[in-house]
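Trainee: Here you go, one structure.
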Amino acid sequence: MRNLLQKVALVIVLLAAAASVGCGRPFDIKTPSEMLELKDQDPPFAYRAMTPDGVVVAMRVVDDDRADLGFWEHAVTLRIRELAGYSLLHESDVTSHDGTKGKELVFGHDENGKPYVYKVRVFVAQGRVFVLEAGGAKPQMDRYTPVVDWTMNSVKVTCRALLSPVFASRTCNRW
């Protein structure tokens, strides 16, 4: 009987520990040493980091249980082109670090005679849309391309827990 009580107590402790990892953001991203993560960002940003030269990488997360990658790719393209005046320069299929399929859209824009580049990656997972953005003046974006690409390639938007979904919540906040 005592052995059974010890096992029950252990299970309760394990469940409490698993429940306590439910805090945090619903994705994982690595910040390289060449960038500084900006803490306590207000919505709509769940993450922002920048280089000393002003190149920024950011993540927005939108709850959408009916999320469809094609819909969000089109919506982002329209928003950036129509409302922000950027031109779509390139689009390609991408895969997050955890294997989630997504789209990358690269936009360009001239402001006061200076070219700017804005990269957007869109992923759909966990009943959410993950919009990963990077942008800055073209010379700085060109200079930091390896850093920006490394950061964007480090993103995980889906967890793969051993006992999923029992111990990993829909938010996958165990990062």
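The values are calculated or read from the model by the stated rules, or taken from the named source; none is laboratory data. This is a predicted model, so every value here is computed, not measured. Glycine also receives a Cβ, built like all others from the backbone with ideal geometry; neighbour counts cover every protein chain displayed.
Trainee: Only one of these conditions is not met by residue 73: (1) within 23 Å of residue 154 (Cα to Cα); (2) assigned to a strand (DSSP E or B); (3) at pLDDT below 95. Which number is it?
Mentor: (2)
Trainee: Please go through the range 104-117 and pick out each residue that is surrounded by fewer than 20 Cβ atoms within 10 Å (Cβ to Cβ) and either at pLDDT 95 or above or closer than 20 Å to residue 80 by Cβ (or both). Talk me through it step by step, then tell me what you get.
Mentor: Initial filter on the range 104-117 (surrounded by fewer than 20 Cβ atoms within 10 Å (Cβ to Cβ)): 104, 106, 108-116.
Correct list: 104, 106, 108, 109, 110, 111, 112, 114, 115, 116.
Trainee: So, one more: Considering only residues of the range 77-101 that are part of a loop (DSSP other than H, G, I, E, B) and among the small types (Gly, Ala, Ser), which is farthest from residue 151 (Cα to Cα)? If you could, list the steps in order and put the result at the bottom.
Mentor: First, pick out the residues of the range 77-101 that are part of a loop (DSSP other than H, G, I, E, B): 84-86, 96-100.
This time we only want the ones that are among the small types (Gly, Ala, Ser), so: 84-85, 96, 99.
Details: 84: 24, 85: 26, 96: 11, 99: 15 Å.
Looking at residues that are part of a loop (DSSP other than H, G, I, E, B) and among the small types (Gly, Ala, Ser), I get 85.
Trainee: Filter the range 42-52 for residues that are in contact (Cβ under 8 Å) with a residue 12 or more places away in the chain and in contact with a strand residue (DSSP E or B) (Cβ under 7 Å, 6 or more places away or on another chain) and give the result.
Mentor: 44, 45, 46, 47, 49, 50
Trainee: Here's another thing I want to ask about it. Can you confirm whether the range 32-41 contains a residue that is surrounded by fewer than 16 Cβ atoms within 10 Å (Cβ to Cβ) and hydroxyl-bearing (Ser, Thr, Tyr)?
Mentor: Yes: one or more hits.
Trainee: Any residue in the range 12-21 that is at pLDDT 50 or above and assigned to a loop (DSSP other than H, G, I, E, B)? Can you show your working first?
Mentor: First pass over the range 12-21, keeping only residues at pLDDT 50 or above: none.
No: zero hits.
Trainee: Select from the range 123-157 the residues that are part of a loop (DSSP other than H, G, I, E, B) and crowded, with 21+ Cβ neighbours inside 10 Å and list them in ascending order. I'd like the intermediate steps shown before the answer.
Mentor: Within the range 123-157, the subset part of a loop (DSSP other than H, G, I, E, B) is 126-127, 144, 154-155, 157.
126, 144, 155, 157 - these are the residues of the range 123-157 that are part of a loop (DSSP other than H, G, I, E, B) and crowded, with 21+ Cβ neighbours inside 10 Å.
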